[in-house]
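What follows is one structure encoded as structure tokens, with my remarks underneath.
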Ligand code: OGA
Ligand code: NI
């Protein structure tokens with residue numbers, strides 16, 4: 001298994017070089033694209049979802065409008081479900097290379113696969129990340145989890161529980177946002193969340209030189225809403241006024257952000273904000289990102305209720321399939337996606 005960064009037992013070309021303390025050339029970014037340090041002093045709000053509904057609704061909408069990113073605690077996903085998921089994902093990446101090899105695939109159309117070191121933009125630099133991607137439709141079909149790795153043996157059962165609980169939280173957050181914006185509470189539940197939920201388990205092994213590379217490039221998510229279990233190792237940074245905010249790990253919290261589809265669907269009331277993942281040289285970091293998606297044929301466009309009388313919508317209405325086609329060609333930077341869909 002040459003391709004994974006996380007190959008235990010000494011396998012993996014990159015891992016072998018890395019263990020000798022040098023970052024392989026293919027991961028070294030040109031000087032002007034290396035990660036600039038963060039100088040921001042702002043921190044993301046941490047919202048307790050068990051508070052009075054009025055206050056919670058206001059806090060979620062304010063944070064969503066102001067930063068596009070926030071953390072939530074007491075959110076209803078049982079802490080043991082989160083901890084089991086984090087543990088089984090870490091265990092997966094510690095498996096011997098031969099156990100992971102069967103699941104490795106570079107075929108993008110494959111919804112369930114393991115891949116590594118993706119090149120996202122024009123250029124040759126690779127990102128310091130392995131990724132296990134899992135897909136789950138709702139309601140969950142009996143055979144869904146048979147498409148996921150069967151090692152560690154409890155991965156399937158744990159991941160299914162996590163998918164169900166996390167999707168429930170995503171729906172609840174969308175309801176709060178709808179109530180806050182004056183949309184019907186189930187506005188997003190008709191088609192926009194009727195597609196698969198996708199999980200990316202991002203694994204960033206210790207990196208020989210974090211100043212020269214990134215785990216994930218600055219990007220906006222392509223979905224409706226993202227819930228990130230970032231674990232207890234720092235790595236996520238969020239764009240803010242030309243600077244980068246460090247997202248402090250908070251025990252049992254989810255980091256929440258909006259994807260481009262929510263920006264389009266809310267006619268720009270909620271924005272999709274760029275973020276990136278830093279690496280570190282000391283410890284491996286594993287994060288679990290849950291993305292809520294519409295089906296491919298779903299039309300995505302500004303809600304009429306959010307376009308003032310006499311105004312034009314600010315974004316084009318497209319099918320999700322068309323959105324993805326364009327997103328893949330323009331890249332995930334905020335500016336390019338905005339240019340492609342703004343009227
Ligand atoms: C993502 C993402 C950030 C992280 O998976 O889209 O932004 O901290 N992950 O792993
Ligand atoms: Ni992201």
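The values are calculated or read from the model by the stated rules, or taken from the named source; none is laboratory data. Being a predicted model, the structure only gives us computed values, none of them experimental. With ideal geometry, Cβ positions are generated from the backbone for all residues, glycine too; neighbour counts draw on all protein chains shown.
Can you find a residue that is assigned to a strand (DSSP E or B) and more than 16 Å from ligand 2 (Cβ to nearest atom) anywhere in the stretch 136-153?
Yes: the stretch 136-153 contains one or more residues that are assigned to a strand (DSSP E or B) and more than 16 Å from ligand 2 (Cβ to nearest atom).
Does residue 179 meet the test of being touching a strand residue (DSSP E or B) at 6+ places or on another chain (Cβ under 7 Å), assigned to a helix (DSSP H, G or I) and surrounded by fewer than 21 Cβ atoms within 10 Å (Cβ to Cβ)?
So residue 179 fails the test.
Scan the stretch 188-196 and give yes if some residue there is within 30 Å of residue 26 (Cα to Cα), surrounded by fewer than 18 Cβ atoms within 10 Å (Cβ to Cβ) and modelled with pLDDT under 95, otherwise no.
Looking for residues that are within 30 Å of residue 26 (Cα to Cα), surrounded by fewer than 18 Cβ atoms within 10 Å (Cβ to Cβ) and modelled with pLDDT under 95, one finds none in the stretch 188-196, hence no.
For the stretch 224-314, please list each of the strands (runs of 3 or more DSSP E) lying entirely inside it that holds at least 3 residues being within 15 Å of ligand 1 (Cβ to nearest atom), within 12 Å of the chain's Cα centre (by Cα) and crowded, with 19+ Cβ neighbours inside 10 Å.
So the answer is 225-229, 254-258, 285-292.
Can you pull out every residue in the stretch 190-223 that is within 15 Å of ligand 2 (Cβ to nearest atom), touching a helix residue (DSSP H, G or I) at 6+ places or on another chain (Cβ under 8 Å) and assigned to a loop (DSSP other than H, G, I, E, B)?
Listed by number, the residues that qualify are 220, 221, 222, 223.
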